[in-house]
1. Inspect region 153-160 for any residue being open to solvent by less than 10 Å² (accessible area, probe 1.4 Å), within 16 Å of the ligand (Cβ to nearest atom) and more than 19 Å from Ser126 (Cβ to Cβ) and give the result as yes or no.
2. Could you please give the count of residues in region 106-134 that are buried (at least 21 other Cβ atoms within 10 Å of the Cβ), more than 15 Å from the ligand (Cβ to nearest atom) and small (Gly, Ala, Ser)?
3. Grab the helices (runs of 4 or more DSSP H) fully contained in region 190-300, keeping just those with 1 or more residues being over 27 Å from Ala58 (Cα atoms) and open to solvent by less than 30 Å² (accessible area, probe 1.4 Å).
4. Just one of the numbered conditions (1) open to solvent by 10 Å² or more (accessible area, probe 1.4 Å); (2) touching a strand residue (DSSP E or B) at 6+ places or on another chain (Cβ under 9 Å); (3) closer than 19 Å to Gln71 by Cα is not true of Leu166; which one?
5. Provide a single number: the residues in region 135-152 that are surrounded by 24 or more Cβ atoms within 10 Å (Cβ to Cβ) and either away from the ligand (no atom under 14 Å from the Cβ) or among the hydroxyl-bearing types (Ser, Thr, Tyr) (or both).
6. Quick one: in region 58-67, of everything that is of a type outside the set (Phe, Trp, Tyr) and closer than 23 Å to Lys359 by Cα, which residue is nearest to the ligand (Cβ to nearest atom)?
7. Residue check, Thr57 against (1) open to solvent by 60 Å² or more (accessible area, probe 1.4 Å); (2) not in a loop (DSSP other than H, G, I, E, B), all met but one. Which one?
8. I'd like the full set of residues that are open to solvent by less than 10 Å² (accessible area, probe 1.4 Å), in a loop (DSSP other than H, G, I, E, B) and within 13 Å of the ligand (Cβ to nearest atom), limited to region 78-105.
Amino acid sequence: GKGNHRHFMAKEIFEQPEVIGHTLTEYIDTMDNRLALPSLPVDFSTLSRVTIVACGTASYAGHVAKYWFEQLARLPVEIDIASEFRYREAPMPANGLAVFVSQSGETADTLAALRYCREQGQKILSIVNVTESSIARESDAIVPTYAGPEIGVASTKAFTCQLTVLALLALEAAKARGHLNKAEERLSVRRLMEVPRLMSDVLAHDDLIQAIAHNLSKARDVLYLGRGPMYPMALEGALKLKEISYIHAEGYAAGELKHGPVALVDENVPVVVIAPSTVLFDKTVSNMQVVMARGGRVILISDKKGIGAAGKDAVAVIEVPECDRLTAPLIYSLPVQLLAYHTALAKGTDVDQPRNLAKSVTVE
Ligand code: M6R
């Protein structure tokens, strides 16, 4: 059931501290603060490339992971959506790993992409929430997420559990490739173990986010901006908003603004800027100032330091705890989800069963 919540989506958003905690403890030695992933059929130290393929929200988890694998493990990563990847006849490297991310494990395009990668001699690793699924069965190995059943069509807790597993895999790869010593491993693991508590802190801002969403619900178009791992977070924020509130929303890399989308900006377009003070903050803030100079109404999601430095001209701010580049995507997912949820609530749409959408897309 929905517990005390009005919708499955709300229940699933509020479950995140618990299911992230569960997923972490499955893959961490908590006595020792060390990684404890199952043995995988891949040697990260000699791997030439990782190809990550998925659809929708799962693809944005993969897109965040690209930043982690490249920065932490110095491992080249390609990310694509399955419906494009499967038909573009991509040449694949010898000794490559293909990673598939899917809550349901049944998404038709993702499964077809998996079969293509197998034909191309890739090792197949899948991150699934449903372990008795087609994608799980056809993989060389799976690393399950422990989100529990996700009923709401909008993916929330499955997304952050996918991010959690991908973060752990990136750390494992970094370790195998000599870029993470024992002390750094312990520190990273400890930071991840703090995520459930930091998530609870964000969830405590629910009322404030609801008030901001009340205004957002009157908009016709909304822009989301971010840089680095917050770029896929902007894409995810826009998808979540359009999917359940039917408001047109676009996510952009903040640096792309001046290459077109800034033409859209006026006082009627709210712009959600996702900018932790730790990740490319000054660059993002300068894009935000361009938006404000055009009359755009900025909703800034940042930490205390970021809000202190750049929040004064924003129409609204959402403060989240300070976090590093590994944990930020996990923490920043929550305000983005709550903003979409409360906007849909204010519009009175069917949050758990949005029109035209299915939970699991088993057709091409
Ligand atoms: O079951 P999957 O993770 O493979 O599903 C992928 C997408 O269909 C899914 O994430 C979709 O984008 C969600 N409705 C987004 O909230």
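1. Checked against the condition, which is being open to solvent by less than 10 Å² (accessible area, probe 1.4 Å), within 16 Å of the ligand (Cβ to nearest atom) and more than 19 Å from Ser126 (Cβ to Cβ), region 153-160 yields at least one hit.
2. Count: 0.
3. The helices (runs of 4 or more DSSP H) meeting that bar are 281-293.
4. Looking at each condition in turn, Leu166 falls short on (1).
5. 1
6. Per the criteria, the residue is Ala58.
7. Condition (1) is where Thr57 drops out.
8. Once the filter is applied, which keeps residues that are open to solvent by less than 10 Å² (accessible area, probe 1.4 Å), in a loop (DSSP other than H, G, I, E, B) and within 13 Å of the ligand (Cβ to nearest atom), region 78-105 yields only Gly105.
The values are calculated or read from the model by the stated rules, or taken from the named source; none is laboratory data. Values in this document were obtained by computation on a predicted structure and should not be read as measured data. Cβ: placed from backbone, ideal geometry, glycine included. Neighbour counts: every protein chain shown. For accessibility, only protein heavy atoms count, side chains too; no ligands or nucleic acids. Shrake-Rupley method; radii C 1.70, N 1.55, O 1.52, S 1.80 Å.
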